[in-house]
Each structure stands twice: as structure tokens, then as C-alpha cells.
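Reviewing the structure listed below.
The values are calculated or read from the model by the stated rules, or taken from the named source; none is laboratory data. Being a predicted model, the structure only gives us computed values, none of them experimental. Methodologically, a virtual Cβ is constructed for each residue, glycine included, from the backbone with ideal geometry; neighbour enumeration extends over all protein chains shown. Keep in mind that these areas ignore ligands, DNA and RNA; they rest on the heavy atoms of the full protein, side chains included. Shrake-Rupley method; radii C 1.70, N 1.55, O 1.52, S 1.80 Å.
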Amino acid sequence: MHYSIVIPVLNEQDNILPLTEELFGVLGDGDYEVVFVDDGSTDATCDRLAEATGRFPRLRLVRHARRSGKSAALLTGVKAAKGDWIVTMDGDGQNDPRDIPALLQAVGADPRTVLAAGNRRKRDDTLAKRLASRAGNGIRRALLHDACPDTACGLKAIRRDVFLALPFFDSMHRFFPALVRSRGLHYVNVPINDRARRAGQSKYTNLGRAMTGLFDLYGVMWLLRRTTLPPAVTEVEHQDRNGSVAGEAR
């Protein structure tokens, strides 16, 4: 399977069916699957997704027994996924499925690229959230030098094996560019659309996001400083006393 779309959801009962219908309508037939991870929803989210699996054969549903956080839900989805590439997106309808082909095209254009990060051209959100996001992104870029203007965007494409090799921690999904670059790997930014939330409420407040973000930022700074990877690894073959490689034709 070429790619898997992994979508963590929490109490999005009014958003997941319109998103699912739009997603399959945009992508049509192809070598992909959609994996929803219900992070312990207490509304009808899980029931509606379970019903949708009968309508859409490519749809899979995994559920957490209790809320574990977005990063944990992403990890669960990626472990369950069958695709070589993972496309992550939010379940509130703010990410546009029509941007997925652009992400896949970006990672396919250069074999070095392991991550394509979506960057929202114009956020369809309140002024307070836009200002808070701009400030947070500016501080993060200045301290981590990750060259990403919008790491909070949920729409990304990343190679599955690379995702699973990254260190796991809460909110790791906000630091993919920095984590990827710290391993000497290549990533690209891709401009995408942003839409208003269809229904329901955001799971984050500006203050809560800011406090958690600062705590995580200093943690990632420590992690990057404590990460040293060898530039290259080669296996040295056994040689006999005459300097000939063992098994070498004589």
C-alpha cells in the first residue's frame, strides 16, 4: 500500500462523516487507506465511524479506551497503518483533502524528502488564535531553527519508518520538522488551505496551548542538544592475515 491517512479524533461526532465523505470523494480509487483513531470519545464519534466502515471499505477504525492525547493517537494509527507513507490530518474539517495530492507530489519529487509539512496560507480562525499561533511559531523557529512557519498544521506527509524512528513524547507532532532535521534528513514546506471548523469546539485554549508549548519547546531543545548520531555507518568485513577479505575469490 502506497499511503495511509491517519486521523486522530476526539468528540467530533458532527464532523467525521462529512469529512469521510469528502475525503473519499476527492481521492477516489487508489492505493491508500484511511485510519481513524478515536482517542476515547464520549460522544457518538466512535458509533458513527463504526457505521461508516460498512460504506467505505478502505476505512479502518482503532479506538483508545481512554483519552491519551493527539500524539499517542497518531502513534497508534501509524503502527496500525499499512502504507509506506503516512498522511496525518485533523478530524475537525479544517484540513482540506484536496491538498493531499500536493503533499504526496512534494515527497515524490525528491527521493531525499522524508517529510512534507503543510503550511496554512491564511488561517480561517479568530484573530486571537492567529496572533497566538504567529507568536508561538516565531519563538519556535528562533530557538529550534527548523525553518518551518507553521508546525501546528495537522496536514503532513511523512515516511512511516521515519515516524516510528522518532522519539515519542506528548505533542511530538508539533516538532516533526525539527526532529527530522536533527537526524540529517530532508523535509519541505508545502502551502495549503485552511478552513473554519465545521462544528464542535477546539480542544485547546490559547493559554493552555502556550503553557504546554513552552514546556515542550524547552524539552525539545534539550533533546536535540543531547542527540548525536553518527554521520555514516559501514560494516567492516573480516580480513585474513594477508589482507584478503574473507570469502574473496583467489
Condition first: open to solvent by less than 60 Å² (accessible area, probe 1.4 Å), in a helix (DSSP H, G or I) and modelled with pLDDT of 95 or more. Can you find one or more residues in the stretch 89-98 that meet it? yes
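Every residue, every condition in (1) crowded, with 19+ Cβ neighbours inside 10 Å; (2) not in a strand (DSSP E or B), yes or no:
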{"residue": "13", "(1), (2)": "no, yes"}
{"residue": "23", "(1), (2)": "yes, yes"}
{"residue": "35", "(1), (2)": "yes, no"}
{"residue": "75", "(1), (2)": "yes, yes"}
{"residue": "82", "(1), (2)": "no, yes"}
{"residue": "86", "(1), (2)": "yes, no"}
Kindly establish whether residue 207 is at pLDDT 80 or above and not in a loop (DSSP other than H, G, I, E, B). no
